[in-house]
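The values are calculated or read from the model by the stated rules, or taken from the named source; none is laboratory data. Predicted model, so just to flag it, every value in this text is computed and none were measured. Cβ coordinates were reconstructed from backbone atoms using ideal geometry, including for glycine residues, and neighbour counts include every protein chain displayed. SASA here: full protein model, heavy atoms, side chains in, ligands and nucleic acids out. Shrake-Rupley method; radii C 1.70, N 1.55, O 1.52, S 1.80 Å.
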Amino acid sequence: NAGFSQYTAVPYHHKEMVINTMVPTLAIPVEHGIATNDPGNNVVSPSRKWILNEYVWTGKTYGMEYESTSQILALGPSLANFHPGMVNTGVRAPKLSPLLDLCHDPGAGASSDYRGCAFASQPNRRLRAGEELFVSYGDNWFAREPQGISDHSPEKNYDEANHMLQQLWELRDSSSSTNVLELMPYLTNEPLTRQVLPSTKEEWTRIMNEQDGNTASLGLRSLEWLEEHGKCMDHIYVNTSTIRQAGQGAFSRRNLTKGTTILSSPMIHIWNRSTMELNLTALETGGIDINPTMQLLNYQFSHPQSSLYLLPINQMTAINQHHN
């Protein structure tokens, strides 16, 4: 029930590497009622339900706390799902790197000044070709869901179980592995850790030999499956646009033949044009004349006669418009 996700088609071996540069990072006022994903568990309670709730992160966690006391970071690792036992990537925080001068450039403020938000593999964990990418939302993410999930095992319990299995695997031999397995539940006081430990010798062997010692795993997708069902997200990268006032832009990473799909993206649907209007009173502008609409508006597709906005959630937002 998790919808779309991202996979890697190439392996990454026990060394931190940037997997994919994300979309330009945007700030959205919390006054619009967004609850955020945050590995630091600083969950903001929403004043009203908005679909962007599922795709945003707290600005403070990623170095955007000076944007405003009430800002959040939007569109970080938006396509990656979260499972506390399968987190295999992290998020590199964006850096403030203005390309335009607020005093002289008319295009300043129309695009994000934050750059470099990216997926990065974890230095102590390899990624196998065909593996789904998971990132941490923080364990409190479960608590803010309407139904509530109180009996899930947090990340720390999966980490403890994986560590126990690795140490015992190195000590075991074929004749004693069953006895060692019987002792496992007594080696921890955490009931949620016991919950994810293997119950049979065969399950333990599979975890160590086929799942790299990770108690939670969904297995691998074959490259043939990825080619048939997936969409390549590696054709373009984000860098400074060749158009002076456009901020960042998208560039082709390789030669593409005519008719090639450059990039495909799920779209977040946002209803009602008024959602893009800022609450200037709440933002305490101090009398400064600012644009009354959110910067997010510049990254969406819409029609003049429709109240529906469609927001891409990958590098597609970096593709600029030019009349020629």
Can you pull the accessible area of Phe4 for me, 1.4 Å probe, Å² to the nearest 10?
150 Å²
Taking 0.36 nm per residue of separation and subtracting the Cα-Cα distance, what length does fully extending Leu96 through Arg244 add?
51.4 nm
Give me the log10 of I(q) over I(0) for segment 187-230 at q = 0.24, 0.27, 0.29, 0.30 Å⁻¹, as the Debye formula computes it from C-alpha points; what are the numbers?
-0.86, -0.96, -1.01, -1.04
What FRET efficiency would be calculated for the residue pair Arg128, Thr200, taking the C-beta separation as r and a Förster radius of 25 Å, to the nearest 0.05?
0.55
With all protein chains in place and a 1.4 Å probe, Lys156 shows an accessible area in Å² (nearest 10) of 130 Å²
Env charge @ Leu218, Cβ radius under 15 Å, K,R +1 / D,E -1, value -1
Let me check I have the definition right: for segment 202-320, take the eigenvalues of the Cα gyration tensor, multiply each by 5, take square roots. What are those semi-axes in whole Å, largest first?
39, 23, 16
With every protein chain kept in the model, how would you rank Tyr137, Tyr55 by accessible area, 1.4 Å probe, largest at the top?
Tyr55, Tyr137
